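Peer 1: My structure is below; once you've seen it, I'll send some questions.
Computed from the coordinates by the stated procedures, all read-outs in this text should not be read as laboratory data. Predicted model only: the values in this text are computed from it and were never measured. FYI the Cβ positions are ideal-geometry reconstructions off the backbone, even for glycines, and counts take in every protein chain you see.
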Amino acid sequence: MSEPQPDDSESESSESSESSETSPTGFAALGLRDELVTTTNALGYEEPTPIQRLAIPEMLTGQDILGQAATGTGKTAAFALPILNGIEPNAPAIPTALVVVPTRELAVQVSEAIFKYGVEQRIQVVPIYGGQPIHRQLQALRRGVHVVVATPGRAIDHIRRGSLALDAIRTVVLDEADEMLDMGFTEDIETILETTPKDRQTVLFSATMPRRIMKIAEKYQRNPKQITVGAAESAADKALIRQTAYVVTRHHKSNALGRILDMEGPSSAIVFCRTRGEVDELTATMNGRGYRAEALHGGMDQQQRDRVMSRLREGTAELLVATDVAARGLDIDTLTHVVNYDVPSSPESYVHRIGRVGRAGREGVAITLAEPKQRRLLNNIERLTKQTFDIQKVPTIGDLREKQITVTVEAIREAMMGDDLEDYNSVLFGLASEGSERTIALAAIKLFHQGRGATADEVEIPDASERMLRDDRPGKGKGKGKGNYDGDRGGKPGAGKGGKGGKQVGNVGPGTSLIFVGLGRKSGVRPGDLVGCIANETGLTGRDIGPIRITENYSVVGVPEASADTVINAIGATMIRGKKARARRYVD
Ligand code: AMP
């Protein structure tokens, strides 16, 4: 076993095994102001992710960026930190940056991130999105903000009302641009880009780069710097490593990890986290679950690191919870499992991490916990490793109990072979008059079983892999080219003339439900309004939604069966084109 590198390793890239540099550490090296370096440090970010390393210095020079990066690569900080870098602490609260995102969920998430990163500078940021009462947003804008994070439709509303001042905007970011185009927001995005100052910096991030995105870039960006992360480079020969992924929402992650490890029973595992905070939190959780877990991160001094290493060496710890940087150079011969508590932000980092098992012809296990939106990150890794993930369902309480019983049976079977059983004869003799040998045996088994900390879980963990697989199905919900519904803004005049005899919404596949919405063309409804409303209110993505048909008086939209009731309630609770809509299941 070799020791992890001490403090000087903190300046190295966490994503590769390249030789160390003598440059200042992490975020400071990118040229960010002190407040931001302090904040990223406090957040436990030890190193910039690849997209941050590439995008931040370019953005700081005012360069336009055309970035290809998926969720989970750290792209929010990649554009947020340079934006914040240009705002002096206590600067007047006038919007200098506008971030446009496809959904309400993302608007809230991005503005929370910006708030968090800008806390030292007292940055004011507001998310504005459809579905929320506009007066609350008007108030926030009137009070003054430095950064606005908006969904396209609501941004246009505010621009038209004059409530969103654009004169001082220096940077416009289009985040998840492909998703926005899929949702039919092309026109709104173009309007936003036409109305913001011409000399602005335009930053476009997209997980994919279809022709439609390139057209926007050509029209509205000036000589953009193209940045791609997650591209495949070489194959890693990891045939001896079983690579499994589980799809769970963030909320259930630690519980899911506990259950997966209970099933796997690793003798020695390393769990990689993104931040120091996550390392500390997860270590505490896993200890609470009965594991002997140790934390290792860059915030620890050398003495603490040494202590952790000797506990591992002696076998008194079975789980090491670590950040990439802290675990650099760490080589544990007996390691059986590598766990990615988060999908690593680059495929190279994944290969580097899992390279710690499966050595010298031994078998190893690599477990990755992914959130439903991280399919693309998994795809990138699959391309690099030339292996596909075995996407498993998180074990149920039933699975776990079964496993625990198997372990108990095996342990007792082994004990039955022992030659020291007679030593306990006096205990059996003492109980003989109080019950049958069967009763005594069952009581002893119960004590042993419980003593091992078995059956701790009571709550099922929802399996999110269905949602990820659905997101990944090619063409699902987009309906482009099918010709039986409106796929882009404005729709097809006369498509599906309504009611009987009109065109059917199409061959909806199994698992898709059609929802009737009591507003149509007469009310000015366009596909983007429906998709925007549903996506914002329910968290479904543009890809989940469709086909769509808009007739004169009503519309019909396809949504995943499992979300049908949520969608009906959500539509009923909001306004579309300023009107209350009725929604119910559609019967042709
Ligand atoms: P994003 O791709 O922007 O959605 O970010 C994914 C997650 O990575 C978020 O939870 C961030 O807080 C986290 N994150 C971003 N940058 C870093 C970094 N340099 N080190 C550790 N975690 C990070």
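Peer 1: Could you check the simple spin-label distance between LYS215 and THR406, using points 7 Å along Cα→Cβ, in nm with one decimal?
Peer 2: 5.5 nm
Peer 1: If the only charges are +1 at each Lys and Arg Cβ and -1 at each Asp and Glu Cβ, what is the size of the charge dipole of segment 233-394 around the Cα centre, to the nearest 20 debye? Don't skip to the end; give the middle numbers.
Peer 2: On the way: 24 positive and 21 negative charges, 68 e Å.
Its charge dipole is roughly 320 debye.
Peer 1: Another question about this same structure. Show me the trypsin sites (Lys or Arg not before Pro) within segment 168-218 that DSSP assigns to loop and that have at most 11 other Cβ atoms within 10 Å of their Cβ.
Peer 2: Loop-located and lightly packed - LYS198.
Peer 1: Under a crude label model (7 Å from the Cα following the beta-carbon direction), how far is SER267 from LYS393 in nanometres?
Peer 2: Those two pseudo-labels are separated by 3.2 nm.
Peer 1: Using R₀ = 56 Å, calculate the FRET efficiency as 1/(1 + (r/R₀)^6) where r is the Cβ-Cβ separation of ARG438 and LYS116; round to 0.05.
Peer 2: 0.40
Peer 1: How big is the gap, in Å, between the Cα center of segment 87-136 and the Cα center of segment 291-324?
Peer 2: Distance between centres, Cα-based: 39 Å.
Peer 1: Alpha carbon centre of segment 237-279 versus segment 519-541: separation in Å?
Peer 2: The distance from the Cα centre of segment 237-279 to that of segment 519-541 comes to 38 Å.
Peer 1: Between ARG313 and VAL587, what is the label-to-label distance in nm when each label sits 7 Å out along the Cα-to-Cβ direction?
Peer 2: Rounded to a tenth, the inter-label distance reads 7.5 nm.
Peer 1: Also, I was wondering about something else. Quote to one decimal, in nm, the extra length available between ARG383 and ALA573 on full extension: 0.36 nm per residue of separation minus the C-alpha distance between them.
Peer 2: This chain segment gains 64.1 nm when fully extended.
Peer 1: Based on the alpha-carbon gyration tensor of segment 20-229 and its eigenvalue square roots a ≥ b ≥ c, which shape applies: rounded if a/c is under 1.5, prolate if not and a/b is larger than b/c, or oblate?
Peer 2: Oblate is the answer for segment 20-229, as a/c is 1.5 or above yet b/c matches or exceeds a/b.
Peer 1: Also: For segment 349-430, which GluC sites (Glu not before Pro) are in a loop by DSSP, counting at most 15 other Cβ atoms within 10 Å?
Peer 2: Taking segment 349-430 and a limit of 15 other Cβ atoms within 10 Å, the loop GluC sites (Glu not before Pro) found are GLU363.
Peer 1: Oh, and also: What is the extension gain from ASP423 to GLN302, computed as 0.36 nm multiplied by their sequence separation minus the C-alpha to C-alpha distance, in nm to one decimal?
Peer 2: 38.9 nm
Peer 1: For segment 398-450, taking Cα atoms only, what is the radius of gyration to one decimal and the Dmax to the nearest whole Å?
Peer 2: Calculated on Cα positions, Rg and Dmax stand at 12.8, 37 Å.
Peer 1: Would you mind checking which residues have amide H under 5 Å from VAL271's amide H? H placed 1.01 Å from N; only 5 or more apart, or other chain.
Peer 2: The list, which skips near neighbours in sequence, is LEU320, VAL321, ALA322, VAL339.
Peer 1: Using a simple charge model, +1 on the beta-carbon of Lys and Arg, -1 on the beta-carbon of Asp and Glu, nothing else, what dipole does segment 99-157 show about its Cα centre, in debye to the nearest 20?
Peer 2: 200 debye
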